[in-house]
Structures are given as C-alpha cells and as structure tokens.
1. Within the accessible area of region 64-118, what % is carbon and sulfur when the probe is 1.4 Å and the other protein chains stay in place?
2. As a test of reading the structure, rank Lys74, Lys128, Lys80, Lys134 by solvent-accessible area (1.4 Å probe, protein chains only), most first.
3. Considering the Cα trace of region 95-150, what is its radius of gyration and what is Dmax, both in angstroms?
4. Roughly what would the spin-label model give for Arg143 and Val38, points 7 Å off Cα along C-beta, in nm?
5. Check which residues have an amide H placed less than 5 Å from Ala90's amide H, if you skip close sequence neighbours.
6. What percent of all Cα-Cα pairs in region 16-152 falls into each 5 Å bin, going from 0 up to the bin containing the maximum distance?
7. Where only protein heavy atoms count, and the probe is 1.4 Å, what is the accessible area per residue for region 29-136 in Å²?
Amino acid sequence: MTPGESDLIYAGFWQRCGASFLDALLTYMIIAVLLVAVYGVANIGDSEAYAGPAGLAISYLLPPILIMMFWVKKSATPGKMAIAATIVDAKTGGKPSTKQFIIRYLGYGLSTLPCFLGYFWVVFDSRKQAWHDKLADTVVVRRKAGLTETVRFEQLPREPDN
C-alpha cells in the first residue's frame, strides 16, 4: 500500500440500508418485549395501552440511548457490526468524539427531509456520506473485500473410470 492508502472502503447505500434494517428489527424486538413485560400480553393490539410513562420511555427514550451507547463503545450499531462496518472521523479515520455522535444522531432528522433525501445522498456522494455524516464529519467504512486468505483444497487423486 502506498502512504495514505488504507484497506478500507466506504460502505455503500445498500449495505447501510441493510444494516439499518437489522437495527430497526432488533430495536423493535427489544421494545416489544419490554412493552409486553410492563403492560402485559393482553394489551398487544391496543396501541393506547402503551401511552403511559413507561411506554413513552421504552418507545422514545430507549432507542436513542441504545444507539448512542453502541456508537460510543463500538463506533457501530449491531447492524453495522453485522456487515463489518464502523463509523470513523472523516478527517483522521479515528474514533469520532461523543460530540460528533450526538450531532450525527440529531442529523438523522435533517436527513429525512424532504423524502429521506439525506439518506439517499449516500448514492451520489463520492465518500458515501449521508447528510448526518456530513454534519458530524464522519464516514462509514468497511474493510476491502479480498484481503482474506483464499480457500484452498488438497487435490485428491481421481478414481479411474470403469
């Protein structure tokens, strides 16, 4: 590798989309289990049954807390970890600061306007940055494919054809 070159590439739109889907699924499962634990199984179909303080805390406070905890500890959510991606500082490639993570999370709201254009920006951006990445000066990266050892098999002697 030449100086300044790394074994990393920017995570693309579909990779990030898949990671977000996994994160949403995991978050929904956690929320559902906690809501049932607090309010009981009998209230599953009644969305108004979860309108109490515990329901608000579980549904609206827990997700950002979980996301921030994963970002601060691992620089990735479980979905990003599943695709071997991580969030890094766009200038240094190092771990972003907590302030950058907070700006990034708050930038999610801006990325949804209008019609999720800030998320789709990843498709057009040379560094695959969504608007929230640009605001926080972060990028999402993965290791280049093909850097692992190739699979090799011993060549077995062939049996003669009869």
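1. Numbers: 2250 of 3020 Å².
Carbon-and-sulfur percentage of accessible area, whole number: 74.
2. If we order Lys74, Lys128, Lys80, Lys134 from most to least accessible, we get Lys74, Lys134, Lys128, Lys80.
3. Looking at region 95-150, its Cα Rg and Dmax stand at 13.5, 45 Å.
4. In this crude label model, Arg143 to Val38 measures out at 4.0 nm.
5. For Ala90, whose amide H was placed from the backbone, the distant partners under 5 Å are Thr138, Val139.
6. 2, 9, 16, 19, 17, 12, 10, 7, 4, 2, 1, 0
7. Ligands and nucleic acids excluded, the result is 58 Å² per residue.
The values are calculated or read from the model by the stated rules, or taken from the named source; none is laboratory data. The model shown is predicted, which means the values in this text are computed figures rather than measured ones. All Cβ positions, glycine included, derive from the backbone under ideal geometry; neighbour counts span all protein chains shown. Please note that ligands, DNA and RNA were not included when accessible areas were found on the heavy atoms of the full protein model with its side chains. Shrake-Rupley method; radii C 1.70, N 1.55, O 1.52, S 1.80 Å.
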